[in-house]
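Inspection log for the structure reproduced underneath, given as structure tokens.
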Amino acid sequence: MCGIIGYVGNKEAKQILINGLLRLEYRGYDSAGIATVSPDNVLNIVKNKGRIKDLMENKNIDSLKGTVGIGHTRWATHGIPSETNSHPHVDQDKLFTVVHNGIIENYALLKDMLIKAGYNFYSQTDTEVVPNLINYNLKKEKDQSLESVLHAIKVTCDELEGSYALEILSPLIPNYLIVTRRNSPLIIGSGHGENYVSSDIPAILSYTNNFYLLDNNEYAVITNNSVEFYNESLTKIEKEVRNIAWDMSAAEKEGFDDYMLKEIFEQPKSIRETIGSRLLNGKTNLPDFEISEEKLKEINKIYIIACGTAMHAGLACKRLYEHLLGIETVVEVASEFRYKDPLVDDKTLCIFVSQSGETADTIAALRLAKENGATTIAITNVISSSITREADYTLYTHAGPEIAVASTKAYTAQIILLTILAINLSETLHMNLVLGTQLKQELVEIPSKVEKILSNIEPIKNFASEVYKETDSFFIGRLEDYAAALEGSLKLKEISYIHSEAYPAGELKHGPIALIEDNVTIIGLITNPLTAPKTLSNVEEVLTRGAKALVITNQIVDQSKFDLVYTIPEISEYLSPVLSVIPLQLFAYYISKEKGLDVDKPRNLAKSVTVE
Ligand code: G6P
């Protein structure tokens, strides 16, 4: 959701900015733009609605001269997608140009004030108040030096409410880029004679592995060979550069048609790496997480809080937490949790799951839990992401960069890590050790079971080619199969735009069955011996009403009754979603391909939802 890129160096900025924007495409966007300041101090801006490709073909693109510049992919919040509303934005005197990720909540008030002070606006965006307010505040400074500009920016930020990652470029200080952030992501890449700014690490990974992380309300003043940091009150501070070991090949397609397919196929590796050394000598080993037995014994409620796919990973593990630990475990959507006045206190353990570590609602929920005294754990895939800076403990999924908007390998890695955490807690409590031991054995075997599924994709591909024109689909299952059904259904609707719902199989009769007719596909998940006969007969019921049926199972099923029975390896019910989701990911992928859609960048969706 909105991507930011910046460059100050010794090379032409334009191409580097375009490359960065291409890498940020996956975040989701509807327009894009770049601004540079040329060696003779001329500010040039080129922007348009549409894709980066359109920007590259823009008739004015060659006007972008200079070795310092900023770029942006916009995901519209205030104002329709249009050239006018695209970033970068400028103030009325063209002294400042700004790109922004986030939402300025009090922009209407500020705009009103500025209009009364004689300022003109051209767009419907919240962002346009920022350069104008800097312009307005600079007039109160003694001059237009770097120091005064920085102070005017600080005063401006003090007046802003909401969230922002901002890059500010000005012909007044042509060799400098000033950046700041509050609750929106922004990192600085450090090179030799050049420095970079980005919303995330993969976008600039081909240039550097060294990064500075900016905290909320901090400022960085960047030139080609220096990065200076200031805190909220503009006192100079020092920051350490961090080396991030991801390599570029991890963020490339490596011969796959799409990132999503590559990421689906990476799951044996991402699961292995997430397990890593966390299972050692028959025990779990979580050196980054040490909670005492006394403290844990006081915990009487566990929350797993997240959004989207990460929330589905939580749902897949809910029963496991309850059965292993004997503690009530509630899985909550972060955007609900933060407003519901939840029953959370110092006896609550809150686990926040977020691939990006930047989801605005998840971070807000984390803050609320902390205010109420809860012990908080972040499970995330992105090193040093915002969530890691606020949670009491952080555990990383080692899934590697996930580029496709539809999350796949992050989901399975999240279930693996949530499971290891549950076993770890049970070991500390000396509870249900037999179940824990069985699960540890199963965890080790999972990567090769996933490989087995991935070596048999043809049946799913063929079934997708038979049903891709259908208009509705229902995913059904019981218990963990229902949790996996939710994720399979989300995948399908996200990338194929087919109407899709997931239901607990027993609920089908209470309404949805009225919708079953010829153009409906039903996907039944059947991996739990206890509930298998029930769910099988639920699928049969819809078959007799004209639907086509895919059954994903590891039970004995009469193949002749259904359009496709896809068999997955045996696995504990608690871990079954890790396997059953794989054919569902592939099903969604091949349907989307059959329909000729952009698998990696589905319409209207963003990889990381950094605004409410
Ligand atoms: C967006 C993404 C989903 C993701 C969700 C939560 O909706 O498109 O793939 O599951 O945000 O993101 P997070 O980074 O917090 O896991």
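The values are calculated or read from the model by the stated rules, or taken from the named source; none is laboratory data. Treat the numbers as computed from the prediction; the structure is a model and nothing was measured. All Cβ positions, even for glycine, are placed from backbone atoms using ideal geometry, and neighbour counts span all protein chains on display. For the accessible areas, the whole protein counts, side chains as well, though only heavy atoms, and no ligand, DNA or RNA atoms are used. Shrake-Rupley method; radii C 1.70, N 1.55, O 1.52, S 1.80 Å.
Loop-located GluC sites (Glu not before Pro) in the range 129-172 (DSSP state other than H, G, I, E, B) with a sparse environment of at most 13 neighbouring Cβ atoms within 10 Å: Glu161. Distance between the C-alpha centres of the range 565-612 and the range 416-486: 12 Å, rounded to the whole angstrom. Taking all protein chains as shown and a probe of 1.4 angstrom, Asp345 keeps an accessible surface of around 70 Å².
Heavy-atom accessible area, probed at 1.4 angstrom with all protein chains present, ranks Tyr339, Tyr176, Tyr303 as Tyr339, Tyr176, Tyr303, highest first. Kindly identify the range 410-540 as rounded, prolate or oblate by the Cα gyration tensor criterion: order the square roots of the eigenvalues as a ≥ b ≥ c, call it rounded if a/c is under 1.5, otherwise compare a/b with b/c, prolate if a/b is larger, else oblate. Note, shape of the range 410-540 comes out prolate. By the gyration tensor of its Cα atoms, with a ≥ b ≥ c the square roots of the eigenvalues, what is the shape of the range 19-111: rounded for a/c under 1.5, prolate for a/b over b/c, or oblate? Oblate.
3J(HN,Hα) along the range 393-407: 9, 10, 10, 9, 6, 9, 7, x, x, 10, 9, 4, 4, 6, 6 Hz, from the Karplus curve 6.51 cos²θ - 1.76 cosθ + 1.60 with θ = phi - 60°, whole Hz, x for Gly and Pro.
Just the number, please: carbon plus sulfur as a percent of the accessible area of the range 454-594, 1.4 Å probe, no ligands or DNA/RNA counted. Carbon with sulfur: 51 percent of the solvent-accessible area. Taking amide H as placed 1.01 Å from N in the peptide plane, Glu218 has its amide H under 5 Å from the amide H of Arg181, each at least 5 places away in sequence or on another chain. Farthest toward the positive end of the dipole of the chain, out of Cys317, Ser184, Ala364, is the Cα of Ser184, where the dipole comes from beta carbon charges about the Cα centre.
Packing-based ranking of 443-453, 43-53 yields 43-53, 443-453, ordered from highest to lowest mean Cβ neighbour count within 10 Å. For Ile305, the residues whose amide H sits under 5 Å from its own are Glu332, Ile351, Phe352, Val353, ignoring neighbours fewer than 5 places away on the same chain, with H placed 1.01 Å from N. Entry note, the range 3-245: relative contact order of 20 percent, from Cα contacts under 8 Å with a spacing of 6+ residues. Qualifying GluC sites (Glu not before Pro) in the range 174-246, where qualification requires a DSSP coil assignment and no more than 12 other C-beta atoms within 10 Å, comprise Glu238, Glu240. Placing unit charges on each Cβ (+1 for Lys and Arg, -1 for Asp and Glu) gives the chain a dipole about its Cα centre, and among Gly282, Asn224, Val542 the Cα reaching farthest toward its positive end belongs to Asn224.
Using just its DSSP H runs of length 4 or more, each adding -39500 (n - 2.57), the chain gives a mean residue ellipticity at 222 nm of -11000 deg cm²/dmol after division by all residues.
Note on the chain: dipole from Cβ charges, positive end direction compared against Thr348, Val578, Gln267; the farthest Cα belongs to Gln267.
As a fraction of the 1.4 Å probe accessible area of the range 251-444, surface on carbon and sulfur atoms comes out at 49 percent. Phi-derived couplings, Karplus 6.51 cos²θ - 1.76 cosθ + 1.60 at θ = phi - 60°, listed residue by residue for the range 545-555: 9, x, 6, 9, 10, 10, 10, 9, 8, 10, 9 Hz, with x used for Gly and Pro.
Under the criterion of Cα pairs below 8 Å and six or more residues apart, the relative contact order for the chain equals 12 percent. Overall form of the range 251-444: oblate. Here a/c, set by the Cα gyration tensor axes a ≥ b ≥ c, is 1.5 or more, and a/b is not larger than b/c. With the largest listed first and rounded to whole Å, the semi-axes of the equivalent ellipsoid of the range 115-155 from the Cα gyration tensor are 21, 11, 7. Counting only C-alpha contacts under 8 Å and six or more residues apart, can you give the relative contact order of the range 454-594 as a whole percent? Once normalised by length, the contact order is 32 percent.
Ligands, DNA and RNA aside, Asp30 has an accessible area near 40 Å² when probed at 1.4 Å.
Remark: the chain carries a charge dipole of roughly 560 debye about the Cα centre, counting +1 on each Lys and Arg Cβ and -1 on each Asp and Glu Cβ.
Residue-wise HN-Hα couplings along the range 340-345, as the Karplus relation 6.51 cos²θ - 1.76 cosθ + 1.60 with θ = phi - 60° gives them from phi, are 9, 6, x, 7, 10, 8 Hz; Gly and Pro carry x.
In the chain, the C-alpha radius of gyration followed by the widest Cα-Cα span (Dmax) gives 25.5, 84 angstrom. Per residue, the accessible area of the chain comes to 37 Å² when a 1.4 Å probe rolls over the protein heavy atoms.
To put it simply, the accessible area of the range 33-120 at a 1.4 Å probe is 53 percent carbon and sulfur. Put simply, the amide H of Asp472, placed in the peptide plane, has neighbours under 5 Å in Thr521, leaving out anything fewer than 5 places away on its chain. Once the range 3-245 is represented by equal point scatterers at the alpha-carbon sites, with solvent omitted, what log10 I(q)/I(0) does the Debye formula produce at q = 0.07, 0.09, 0.17, 0.18 Å⁻¹? One equal scatterer on each Cα of the range 3-245 leads to -0.19, -0.32, -1.29, -1.47. Computed across the range 180-228, the Kirkwood radius stands at 10.9 Å (inverse of mean 1/r, all Cα pairs).
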